[in-house]
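The values are calculated or read from the model by the stated rules, or taken from the named source; none is laboratory data. Just so it is clear, the structure is predicted and the values come from calculations on it, not from any experiment. Positions of Cβ are generated from backbone atoms using ideal geometry, with glycine treated the same way; all protein chains shown enter the neighbour counts.
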Amino acid sequence: MYANLRFKTITFMLLLLATCTFLIAFLIHAFYDSKEIIGRQIDTHNSAMAIRLEDGLRNYLDGVEENFLTIRSNDRMVESFYHGDLDNFLNTLSNWEEEFEKVRYDFIAVSFLNSDKCFLFGGYFTKLQHLSCTDLIIRSGGTDSYGWNTIKVNDTTLGVYSTSLDIKSSGKVIGQLVGGIKLSDNQYLLEKLSYSDQNDLHQISFQFDNANISTLMYPSSRTKSWLDKFLEQEESPPVTSQGETALGQQFTIKFHPDNYASQDLRTQFWETMIFGCVVALLISVLITFTLSRSVDTQLQSLILFARKAHMDKRTTWRKTNITDFNDIGEEIVEIMKDLKQKEELLEHANIELTAINEDKRRILHHLIKSQEHERSRISNDLHDDMSQLLAVVHINLITLKDQLRNDQTSTDTVSNCINIINLMYDKVYSRIESLRPFEMGNFGLSVSIPKIHAIKQLEKQDYGVLMEFEQEKKLNDDIKSNLYRIAQEALTNIMKHANGTLATIKLQDEAQGVRLIIEDDGVGLPVTVKPATERGGFGLMSIQERADYMNAELSIGAGTDNEGVAINIFVPAVYAYAAGEKDETP
């Protein structure tokens, strides 16, 4: 008995001595290394703060951009601007701002292509002195610019967003919408961006070309404790953001961290260290007194029981003399039973989810088929009714022209009417082609895709359009229709957003199916990664839905040399080809 007690006493003293030695060595080492550790922590904290500030600025710019896109998408407002004067412009804009909850822009200007009208509203708090509407349009990049730009007017720096102004019902581009925010002396925006971090800041400012254009100070009223004075270090240097916003790398956010904030971090670090060492010492003493072979044996029994219970939910815990272990054993039994029940419920939910997805797929199939049927019906109605009526009017006008050949004025008028009828016929024919091109049914995609209206528009924009067709097998009608619609949507996106010089279309048969690739060399996809359902708005969502409908593999990413966007659709042969074509090799 005495030998046993002596051994426990020696064990306790050795463990206590080892623990104290380790803690003392650890504290000495931590004391000399804390400056570097805290410095890295502060740098990380400041870097994260810089990222948060830039994220806040990006979100604010997104809100401003959303304002302009909302105005741009409002046909009634655009037409009111187009047909009105400055007073009408201001009244319409004021009424819209009262209805819209989040108006973030400071100024807005509208310029029209085919007239000398240019309206500028500087807002109620932003005065754009010595800057006319026309000058603002020119300084922001002219009528061909798109997106954000940073300009400097005298001593005032502005963040300017530009976009085209069109009428959605006709697709006609009528002008340019320009607006944005004032960056110089904008304490409101600085305070909004730094609101959540103001306790960690002494000063924050906007910089353009490394020059301060707006500054906000945060006074500090904290007092130092004895530990603060003991651990006091040099002041933290100012931090400048990376300039990774839509305003460009020349525009950055610079801030001076509050030294008391970093001092608080050092104080909290050492308070935590001291508290942790005391707790560790107490725990070591407690563990030394409580460890025993019986506890270790029961612990191993508990582990073994947990393993058995995981394999068989009918396993029961055999009670011991230790109440805590008995409670843990019974809890494990209940947890395992609950896990088994949850597993069964999860399997049942998985079956239901699979059925729901299948129902969703059937609904999608029905919607796409209904859409194509309706387009075909409208196309046929236009062809059978409108085209024939225009042809009859055209013939009658030619007859009338012959009858009035001696009257030059009437002949010229009739000639103008004939030209208008020809133009109307071309427009109707173009609409018929976009709804249901007859070449697709008679000659296939290699003939119908080159007829897509967007290709002509791209060529008018000085695009080079390269087309490669190596597709000879007969495709199912649904596959042909959906591949045509995907090509139509992708080319329209290139026309609207790519800002490139070359578009490539490839359609080819492969051993396992048919592949369609549409690629451009434009600006590419946005840097921010979004979920699949939000990749690019309704256009890319429509492409995704049609790919799902065809059971196709769809990939959307960067094009050749990481430039532009490449849309790659592969339809397996079992779904792509008509009967008799599926087993042939191209």
- Query: Any residue in segment 83-103 that is within 24 Å of residue 246 (Cα to Cα) and at pLDDT 75 or above?
  - Reply: yes
- Item | When residues of segment 436-478 are limited to those that are among the β-branched types (Val, Ile, Thr) and at pLDDT 85 or above, the one farthest from the chain's Cα centre (by Cα) | 449
- Message: Which numbered condition in (1) closer than 21 Å to residue 54 by Cβ; (2) in the same structural domain as residue 79 (by TED's automatic domain parsing); (3) acidic (Asp, Glu) is the only one that residue 144 fails?
- Response: (1)
- List every residue pair whose Cβ atoms sit under 7 Å apart, with the two residues 6 or more apart in sequence or on different chains, where the first one lies in segment 473-499 and is within 11 Å of residue 543 (Cβ to Cβ) and the second, anywhere, is charged (D, E, K, R). 482/546; 485/546; 486/546
- Item | Close pairs from segment 450-470: first outside the structural domain of residue 171 (by TED's automatic domain parsing), partner among the acidic types (Asp, Glu) and modelled with pLDDT of 85 or more, Cβ under 7 Å, at least 6 apart | 465/459; 470/509
- Task: Determine the pairs where a residue that is under 21 Å from residue 286 (Cα atoms), located within segment 8-36, has a partner that is modelled with pLDDT of 75 or more with Cβ atoms under 8 Å apart, the partner being 6 or more residues away or on another chain.
- Result: 19/280; 19/281; 20/281; 23/277; 23/280; 23/281; 26/277
- Message: For segment 480-504, give me the residue count where each residue is aliphatic (A, V, I, L, M), surrounded by fewer than 21 Cβ atoms within 10 Å (Cβ to Cβ) and touching a strand residue (DSSP E or B) at 6+ places or on another chain (Cβ under 7 Å).
- Response: 1
- Message: Give me the residue from segment 106-144 that is modelled with pLDDT of 80 or more and polar (S, T, N, Q) and, out of that set, surrounded by the most Cβ atoms within 10 Å (Cβ to Cβ).
- Response: 111
- Note on the structure: In segment 440-479, residues that are out of contact with any strand residue (DSSP E or B) (no Cβ under 8 Å at 6 or more places or on another chain) and not in a helix (DSSP H, G or I) total 4
- Message: Any residue at all in segment 509-532 that's within 25 Å of the chain's Cα centre (by Cα), at pLDDT below 85 and part of a helix (DSSP H, G or I)?
- Response: yes
- Selection status of residue 55, in contact with a Lys or Arg (Cβ under 7 Å, 6 or more places away or on another chain), modelled with pLDDT of 75 or more, surrounded by fewer than 17 Cβ atoms within 10 Å (Cβ to Cβ) and on the phi < 0 side of the Ramachandran plot: no
- residue 224 being among the charged types (D, E, K, R) and either under 24 Å from residue 106 (Cα atoms) or at pLDDT 80 or above (or both): no
- Message: Being modelled with pLDDT of 85 or more and touching a Lys or Arg at 6+ places or on another chain (Cβ under 9 Å) is the requirement here; does residue 184 meet it?
- Response: yes
